[in-house]
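Student: This structure is in structure tokens; I'll ask about it shortly.
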Amino acid sequence: MTTTRFAPSPTGFIHVGNLRTALFNYMIARKNGGEFILRLDDTDSNRSTTEYADAIKEDLTWLGLDWDRVEKQSHRLERYKQAAQELRDIGRFYECFETPVELDLKRKKQLNMGKPPVYDRSALALTDEQKIKLKSERESHWRFQLDQERIVWVDGILGDLSIDAGSVSDPVLIRGDGQFLYTMASVCDDIDFGITNVVRGSDHVTNTATQIQIIEAMGASVPNFAHHSLLTGPQGEPLSKRLGTLSLRDLRANGLEPMAILSHMARLGSSEPIELFNSLDELIENFDITIFGAQPTKFDVTDLFPLTKKYVAGLDLSTMSDALIDLGIPSEIAPSFWEMARENVNTRADIAQWWEICRDGVTPLIDVEDIEFIEISKSLLPSHPWDETTWKVWTALVKDTTGRKGKGLFMPLRKALTAMEHGPDMAKLLPLLQKIKI
């Protein structure tokens with residue numbers, strides 16, 4: 001069975017960068033009738049919070065990305081200890097004692113000598129007596145000993161990949177304070193949960209190489225890995241500088257629609273054009289991970305607004321009826337109101353503005369040269385009830401009386417009734433106006 005996972009750290013809100021990872025893994029699982037696991041990487045007890053974990057679930061639910069089960073790494077610490085001992089038993093795990101300062105000095109020295117800054121494995125030469133002495137003086141950390149050979153795999157997006165393990169430092173799996181780091185916990189989880197497919201950002205390629213060796217050392221099957229491109233800002237700048245304004249809850253607060261966001265993310269960075277999908281099922285049916293490329297991908301949040309506008313315009317009355325009732329729109333005019341408003345809102349929040357205009361009227365916007373024209377027009381306005389023919393009848397009377405035509409006729413009337421220069425078809429809007437202030 002296909003099994004994927006989304007593994008956020010509950011140390012902050014989900015943003016557009018990690019949403020892409022969540023969506024790809026979700027669609028792979030659902031397209032293959034498999035399982036999608038939400039795994040909370042919460043081993044950092046100082047930064048992980050219940051509030052952020054709840055927020056992650058809330059954001060995924062808002063998007064419609066349902067999960068089959070939740071796993072927490074903080075509940076699996078005993079399993080990680082067991083795995084660490086297994087690696088010790090097979091001679092692939094060794095204890096190191098360098099401080100961060102000492103490691104930094106080693107790296108600088110290697111770079112100055114023109115060598116790659118790879119850990120020199122000096123800890124392997126320590127005697128038992130030396131280890132005992134060092135333990136009494138400082139904390140230790142544990143590294144996985146890589147086989148120094150070329151690690152190869154076929155990536156689902158990047159194709160054939162190959163990394164020389166000799167060019168990579170043996171990864172630290174347990175910190176000096178005893179905390180299990182990402183690689184150790186992630187490998188154990190992927191093995192135990194039967195993860196078959198892992199999609200993540202291309203910044204994890206080197207991590208993947210080391211994880212493949214750890215997985216194989218633990219006698220498990222290696223998942224199918226795929227690494228999507230990283231997002232940048234509109235000018236190619238690092239997206240990390242703008243993530244504070246690109247969390248899902250910020251996008252939600254700005255009125256962006258889930259399907260607009262998901263449709264954009266499901267095609268961004270691929271060889272196919274971005275288009276609006278109407279449902280997750282449609283999105284999943286059209287998903288193909290092989291169409292994505294490796295180059296950094298520009299993301300501009302403003303691209304989400306036209307998709308949102310199009311999505312809202314496509315909503316039918318039955319979908320919107322409860323929202324219209326909540327705004328206080330009488331049921332007898334709800335169909336004609338929505339027909340008028342749907343093409344003239346950018347987000348759902350804009351609907352309320354149009355109802356306020358219809359219900360309360362607006363302060364007229366009248367240019368000095370149009371004051372007399374508006375007074376004459378007001379006197380010619382037919383009596384209630386108004387219908388979709390009223391605008392045509394009225395403007396014909398005004399034209400015959402004033403001699404105005406075209407923009408000089410219609411624009412002053414629109415501005416007087418709506419205080420706007422652009423907007424709905426006035427023939428549809430006029431019958432909905434409960435009050436006018438001209």
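Bear in mind these aren't lab numbers, they're just calculated from the coordinates by the rules spelled out. Just so it is clear, the model here is predicted, and its values are computed rather than measured. Here the Cβ is made from the backbone with ideal geometry for all residues, glycine too, and neighbour counts use every protein chain on show.
Student: Would you mind calculating the relative contact order of segment 315-432 from Cα pairs under 8 angstrom and at least 6 residues apart, reporting the percent as a whole number?
Tutor: Once divided by the residue count of segment 315-432, the mean separation gives 35 percent.
Student: Follow-up question, since we're still on this one. How would segment 315-432 be classified by its alpha-carbon gyration tensor: rounded, prolate or oblate, with rounded meaning a/c under 1.5 and the a/b versus b/c comparison settling the rest?
Tutor: prolate
Student: Under a Cβ-only charge scheme (Lys and Arg +1, Asp and Glu -1), can you give me the dipole magnitude of segment 1-128 about the Cα centre, in debye to the nearest 20?
Tutor: It comes to approximately 540 debye.
Student: Would you compute, for the Cα atoms of segment 79-137, the largest minus smallest coordinate along each principal axis and list the three values in descending order, in whole Å?
Tutor: 39, 24, 18
Student: Just report the Cα centroid separation between segment 375-432 and segment 276-336, whole Å.
Tutor: If we compute the Cα centre of each part, the gap is 33 Å.
Student: Give the residue list of GluC sites (Glu not before Pro) in segment 246-324 that are DSSP loop and have at most 12 other beta-carbon atoms within 10 angstrom.
Tutor: 275
Student: Could you work out the Rg to Rh ratio of segment 241-386, with Rh taken as the Kirkwood radius (inverse of the mean 1/r over all Cα pairs)?
Tutor: The Rg/Rh ratio comes out at 1.12.
Student: Further, regarding this structure: Test of understanding: in a Gaussian network model of the chain with alpha carbons linked when under 10 Å, which of 146, 317, 268 would top the mean-square fluctuation ranking?
Tutor: 317
Student: Here is a further query. Computed from these coordinates, which is volume of the Cα convex hull per residue in Å³: (1) 151; (2) 197; (3) 138?
Tutor: It is the value labelled (2).
Student: Over the chain, calculate the relative contact order: mean separation of alpha carbon pairs under 8 Å at least 6 apart, over the residue count, as a percent.
Tutor: Taking the mean separation of contacting Cα pairs over the length of the chain, I get 13 percent.
Student: Right, something else. When the chain is fully extended, how far beyond the present Cα-Cα distance does residue 437 get from residue 252, taking 0.36 nm per residue of separation?
Tutor: Computed gain between residue 437 and residue 252 is 63.1 nm.
Student: Can you tell me, using C-alpha contacts under 8 Å and at least 6 residues apart, the relative contact order of segment 234-312 as a whole percent?
Tutor: 39 percent
Student: Looking only at 298, 310, 378, which one moves most when the chain is put into a Gaussian network model with springs between Cα atoms under 10 Å?
Tutor: Top of the fluctuation ranking is 378.
Student: Can you give the FRET efficiency for residue 61 and residue 167, using 1/(1 + (r/R0)^6), R0 = 60 Å, r = Cβ-Cβ distance, to the nearest 0.05?
Tutor: 0.90
Student: In Å, what is the Rg of the alpha-carbon atoms in segment 1-106, and how long is Dmax?
Tutor: 17.5, 51
Student: Another question, if that's okay. Cβ under 12 Å from residue 110's Cβ, residue 110 left aside: what net charge do those residues give with Lys, Arg +1 and Asp, Glu -1?
Tutor: Taking every Cβ under 12 Å from that of residue 110, the sum is +3.
Student: For a label point 7 Å from the Cα of residue 279 along Cα→C-beta, name the residues of segment 297-313 whose backbone N is under 20 Å from it.
Tutor: 308, 310-313
Student: Determine the shape class of segment 80-195: with a ≥ b ≥ c the square roots of the Cα gyration tensor eigenvalues, call it rounded for a/c under 1.5, and otherwise prolate if a/b is greater than b/c, oblate otherwise.
Tutor: oblate
Student: Given a 10 angstrom Cα cut-off, can you work out which residue in 281, 190, 387 is the most mobile in a GNM of the chain?
Tutor: Between 281, 190, 387, it is 387 that shows the largest mean-square fluctuation.
Student: Over all Cα pairs of segment 234-312, how is the pair count split among 5 Å bins, expressed in % and running from 0 up to the last occupied bin?
Tutor: Here the calculated profile for segment 234-312 is 3, 14, 24, 23, 21, 12, 2.
Student: For the chain, what is the calculated [θ] at 222 nm in deg cm²/dmol (nearest 500), taking -39500 (n - 2.57) for each run of four or more DSSP H residues and dividing by its residue count?
Tutor: Helices in the chain give a 222 nm mean residue ellipticity of -13000 deg cm²/dmol.
Student: Taking a 27 Å limit on the Cα-Cα distance, which of the listed pairs 309/378; 399/435; 407/428; 378/407; 392/435; 109/135 fall beyond it?
Tutor: The answer is 309/378.
Student: Using 0.36 nm per residue, how much length does the chain from residue 363 to residue 107 gain when fully extended, once their Cα-Cα distance is taken away?
Tutor: 85.2 nm
Student: Quick check on the chain: of the DSSP beta bridges with both residues there, what percent are antiparallel, nearest 5%?
Tutor: Rounded to the nearest five, the antiparallel share is 50 percent.
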